[in-house]
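See structure below.
The values are calculated or read from the model by the stated rules, or taken from the named source; none is laboratory data. These numbers come from a predicted model, not from an experiment. As a convention, Cβ positions derive from the backbone with ideal geometry for all residues, glycine included, and neighbour counts pool all protein chains shown.
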Amino acid sequence: MKSNRTIKIIWLMVILAFPMLVLAQHNTWVISGRVISMDETPLGSGTIEIKGEGLALVIETDTSGNFQAVIPKKQILKITVHHIGHITQHFELNMESQSLEGILIKLKQDDYAIQEINVWGKSETQKAKEQIVKAQIVETKAGQQQSSTLVEMMNRSAGVRIRQSGGMGSDNNIMLNGFQGKSIKTFKDGIPTDYLGASFNLSNLPINMLEHVEVYKGVLPTQLGADALGGAINLVSKKATDPFLATSYEFASFNTHRVSLNLYQTNERNKIFGGIDAFYNYSDNNYHVTAQVPNPETANVVAEKIQLFHNRYKQWYTELYGGWKDVSWADEFRLGLTSYYINRQNQFASLMERPFGASYSTQRATVIPTLRYKKSWLEGKLVVDQFAVFSRIKNVVTDTLSGSYDWYGQFHPAPDAGSRGEAGMPSLATLRYSNLTTRTGINYTFSSRHQIGLNVVFNDYNRSGSDPFGSVSSGENPIDLLSLPADYTKVVGTLGLTSNFFNNKFQNLAQIKYFRAHALGQEMNISTGKLKENLSSTNNSSFGFAEAIKWEINPRLFMRLSTEWATRLPEQNEIMGDGSYILSNFDLKPERSVNGNLGVGFHPHSDFGIEVNGFYRITKDMVLNIPVNLIYSQSSNVEQVRGIGLETDAFIKPFKWLHLNGNFTYQDFRLYNVTEPSILYLEKARLRNVPYFFSNLGATVNFQNTITSGDQFQAYWFFSYVHEYYLNYIPKDTEPDGFLGLWGKAKIDAPNIIPRQSLHTVGLVWTPFPKRQLSFNLECKNLMDAEVFDNFRIQNAGRSFHIKVNYAFHNFRR
């Protein structure tokens with residue numbers, strides 16, 4: 001019944017929006033074509049400026065280099081085509097004497113163009129930086145040659161911090177402009193990545209699989225409609241029209257191996273396509289850390305440098321896909337099959353307090369089928385994009401050891417033979433998750449100035465499991481709590497109107513969002529330990545609103561302003577617990593936030609640019625997992641937060657061969673309206689475990705003809721700084737004195753301080769052939785071997801060395 005109700009809501013939204021979608025205007029023509037390089041490689045994310053009398057339009061090529069736009073009839077059009085790393089081309093079209101369809105544009109490569117992997121200024125191909133919604137684009141082309149991870153690349157951007165709880169394979173926590181964790185949504189090609197489980201962990205995903213990454217802060221584009229409270233990350237897959245093969249291999253310290261493979265093939269008519277995206281990650285993660293080690297003779301705890309010994313991580317991921325494109329019945333029809341496996345040893349629990357030597361966890365998805373269908377009608381004015389996926393994921397946690405390990409890797413039998421579990425309680429938990437996700441996108445351009453979009457995301461989750469050592473209910477017939485039913489359904493609909501005025505100098509996006517979630521499960525009475533007789537259910541629904549404006553004051557100066565009444569629906573495990581030590585809470589309310597963003601960008605020319613953005617947040621009913629008693633915890637609405645922040649990006653290119661960049665972020669987010677008597681002293685305290693000042697610097701040098709004729713040589717240096725912050729809340733009067741709390745020392749115990757971090761990365765890339773199909777990379781991370789403490793004060797790896805070979809072969813069919 002709940003699914004039927006949700007489906008009815010979806011169709012109702014479509015029916016209500018359809019009259020608006022069929023509004024059409026006449027007196028328009030369609031311009032279309034393709035942008036390629038001189039070697040016929042498709043140039044995706046290219047920018048095309050179309051100007052005429054009373055017309056100023058900017059569009060972008062898709063991943064196959066194709067473009068299409070509906071424009072009013074003008075006699076003469078002026079066309080400008082840009083793509084990073086290529087020479088800009090200008091030309092005119094006479095609409096009465098020249099064809100406007102099937103235009104083929106070839107761009108010459110700019111030999112001195114620098115392939116940047118970060119977002120420190122205005123790039124001609126960065127679509128989102130030219131649109132209404134504030135976004136940053138992480139270009140991955142240079143990163144594919146380097147040993148940089150996706151997390152490292154994103155952390156070099158202003159306002160972004162992704163923190164890890166250890167080495168490869170560890171959990172990460174995304175933070176954008178003060179929001180973190182579940183408030184930030186992750187997408188793959190516009191689809192929420194929940195159905196992929198832990199396989200698309202940002203710290204493990206090879207950047208060779210990606211075209212680029214879009215980082216949105218605050219208001220999201222209509223096509224990414226979701227219940228994100230503070231922003232989103234969209235991972236855009238690498239795609240092409242012509243056949244290609246790309247592969248890479250990286251070997252690094254701690255016995256780390258990373259392999260990636262991307263293959264794409266089409267038939268002679270370029271109508272049928274197929275391919276594979278695959279990668280393999282392995283690391284012993286046996287780096288050194290400073291741990292609190294008990295002295296066996298005195299029992300005193302002392303800080304000692306030891307080597308991790310039970311921290312191995314192994315993962316493989318494969319996606320096969322194929323379909324048809326540019327046929328009469330579909331612009332694209334794509335079927336995919338995804339499979340993955342993860343095996344991770346657990347060296348410690350959520351905090352690095354004591355070592356484990358036998359606990360491990362696995363996650364597996366045998367096959368995940370996906371379907372995507374795209375089709376345009378009415379000369380490209382009406383576009384439909386439909387996606388569907390159903391996934392089953394099995395997760396197993398094993399912790400049944402009778403005994404313990406010390407930090408030196410030595411085993412100690414348990415005094416009581418019946419005692420099991422290194423974490424204090426034994427576990428042999430098996431969890432099975434099923435996830436049905438559909439995404440319907442409808443976009444209609446009813447004039448050169450106005451476009452309306454509808455996006456509906458539907459999710460249906462189910463969890464089942466068992467644990468012979470897990471928690472059970474009280475009574476004559478105890479029930480494994482992990483086996484209790486847990487069903488969760490969610491739908492998010494977004495209706496957005498995009499408008500352009502004054503020759504595209506003033507742009508506006510207005511959105512209305514609808515959120516609804518339904519949860520059904522069985523609860524345990526905390527007082528008696530018995531199951532409640534009746535099933536518990538909850539319904540959450542609300543509306544949200546967003547407004548975003550961009551004003552291009554002149555070609556070199558622009559301003560953005562956005563505001564949003566945002567909502568995040570509680571997740572399944574927050575409402576229904578985890579079936580063991582996190583209890584359900586069917587009274588949990590959605591998180592809500594009022595967000596504001598104001599930004600100014602100044603780009604006088606292509607060799608210099610600066611952008612400044614300020615943001616403001618008022619968030620209520622934040623969800624926090626808090627203890628109920630000595631055994632159980634529960635998610636509750638306890639926090640209210642407000643704060644402001646400022647971020648600045650700048651770059652300068654003093655010479656063709658030199659690129660310099662830098663950014664910094666300061667954010668001041670604090671608790672307010674604290675009502676719990678026991679914590680009134682935390683009024684206006686900073687958010688715990690949240691950095692409030694961080695910055696980056698970088699330099700890239702490019703040379704040609706260094707070793708062989710036509711080769712390219714690149715040297716790079718990146719510096720990252722994170723100011724000290726606090727593991728737990730501290731009263732405001734114990735913070736450091738001085739300007740913005742950046743000088744002086746906190747008046748608290750050292751264990752509660754996550755110390756400041758200063759990291760240097762240096763590397764060299766040599767590309768021996770002009771077409772850049774083969775490259776060799778040497779890189780050193782954390783050059784000074786500084787101690788790195790990240791999320792929840794977990795220590796990450798010190799200095800490491802990396803070697804990477806990257807090879808790409810395009811148009812191999814010819």
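Of all residues being under 25 Å from E422 (Cα atoms) and outside any loop (DSSP other than H, G, I, E, B) in the range 463-477, which is farthest from the chain's Cα centre (by Cα)? Just the residue, please.
In this case the residue turns out to be V472.
If F801 satisfies all but one of (1) in a strand (DSSP E or B); (2) surrounded by 15 or more Cβ atoms within 10 Å (Cβ to Cβ); (3) touching a residue at least 40 places away in the same chain (Cβ under 8 Å); (4) not aliphatic (A, V, I, L, M), what's the number of the condition it fails?
The number of the failed condition is (2).
Condition check ((1) at negative phi; (2) assigned to a loop (DSSP other than H, G, I, E, B); (3) at pLDDT 90 or above) across all residues:
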{"site": "N689", "(1), (2), (3)": "no, yes, no"}
{"site": "A699", "(1), (2), (3)": "yes, no, yes"}
{"site": "G744", "(1), (2), (3)": "no, yes, no"}
{"site": "P751", "(1), (2), (3)": "yes, no, no"}
{"site": "L764", "(1), (2), (3)": "yes, no, yes"}
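Taking A388, is it small (G, A, S) and either not in a loop (DSSP other than H, G, I, E, B) or not assigned by TED's automatic domain parsing to the domain that holds Q265 (or both)?
yes
Here's a check for you: in the range 467-512, which residue that is small (G, A, S) and touching a residue at least 60 places away in the same chain (Cβ under 8 Å) is nearest to P192 (Cα to Cα)?
G493
How many residues, within the range 701-733, are in a loop (DSSP other than H, G, I, E, B), over 26 Å from the mean Cα position of the chain (by Cα) and of a type in the set (A, V, I, L, M)?
Qualifying residue count for the region: 2.
Considering only the range 381-429, state which residues are without any contact (Cβ under 8 Å) to a residue 40 or more places away in the chain and not polar (S, T, N, Q).
Answer for the range 381-429, where residues must be without any contact (Cβ under 8 Å) to a residue 40 or more places away in the chain and not polar (S, T, N, Q): K394, V396, V397, G403, H412, P413, A414, P415, D416, A417, G418, G424.
Show the residue pairs that are 6+ apart or on different chains and have beta-carbon atoms under 8 Å apart, the first residue being within the range 656-680 and within 27 Å of V160 (Cα to Cα) and assigned by TED's automatic domain parsing to the domain that holds E611, the second being among the charged types (D, E, K, R) and surrounded by fewer than 17 Cβ atoms within 10 Å (Cβ to Cβ).
Pairs that qualify, where the first residue is within 27 Å of V160 (Cα to Cα) and assigned by TED's automatic domain parsing to the domain that holds E611 and the partner is among the charged types (D, E, K, R) and surrounded by fewer than 17 Cβ atoms within 10 Å (Cβ to Cβ), are R670/K684; R670/K732; L671/E683; L671/K684; Y672/E683; Y672/K684.
Within the group S376, S402, S391, which residue is farther than 30 Å from Q68 by Cβ, more than 24 Å from the chain's Cα centre (by Cα) and polar (S, T, N, Q)?
S402
Yes/no matrix, rows are residues, columns are (1) within 18 Å of N285 (Cβ to Cβ); (2) of a type in the set (A, V, I, L, M); (3) buried (at least 18 other Cβ atoms within 10 Å of the Cβ):
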{"position": "A349", "(1), (2), (3)": "yes, yes, no"}
{"position": "V383", "(1), (2), (3)": "no, yes, yes"}
{"position": "Q386", "(1), (2), (3)": "no, no, no"}
{"position": "F390", "(1), (2), (3)": "no, no, no"}
{"position": "S402", "(1), (2), (3)": "no, no, no"}
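Test F543 against the criterion of being surrounded by 13 or more Cβ atoms within 10 Å (Cβ to Cβ) and in a strand (DSSP E or B), and give yes or no.
So F543 does not fit the description; no.
Looking only at the range 313-340, how many residues end up being among the aromatic types (F, W, Y) and closer than 20 Å to K271 by Cα?
The total comes to 4.
H659 is checked against (1) more than 26 Å from V623 (Cα to Cα); (2) surrounded by fewer than 16 Cβ atoms within 10 Å (Cβ to Cβ); (3) of a type outside the set (V, I, T) and fails just one. What number does that condition carry?
(2)
Which residue out of I512, I553, I526, I549 is farther than 18 Å from N459 by Cβ, at pLDDT below 85, in contact with a strand residue (DSSP E or B) (Cβ under 8 Å, 6 or more places away or on another chain) and of a type in the set (V, I, T)?
Unique residue meeting the criteria: I526.
I'd like the full set of residues that are surrounded by 18 or more Cβ atoms within 10 Å (Cβ to Cβ), among the polar types (S, T, N, Q) and modelled with pLDDT under 90, limited to the range 609-636.
Across the range 609-636, the qualifying residues are T619, Q634, S635, S636.
Being basic (K, R), surrounded by fewer than 19 Cβ atoms within 10 Å (Cβ to Cβ) and either in contact (Cβ under 8 Å) with a residue 40 or more places away in the chain or part of a strand (DSSP E or B) (or both) is true for just one of R432, R439. Which residue is that?
Result of the check over R432, R439: R432.
Here's the yes/no breakdown for (1) crowded, with 24+ Cβ neighbours inside 10 Å; (2) modelled with pLDDT of 85 or more; (3) of a type in the set (A, V, I, L, M):
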position	(1), (2), (3)
S203	no, no, no
P206	yes, yes, no
Y216	no, yes, no
P221	yes, yes, no
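Please verify whether the range 466-482 includes one or more residues that are assigned by TED's automatic domain parsing to the domain that holds N435, under 30 Å from N443 (Cα atoms) and at pLDDT 80 or above.
The answer is no; no qualifying residue exists.
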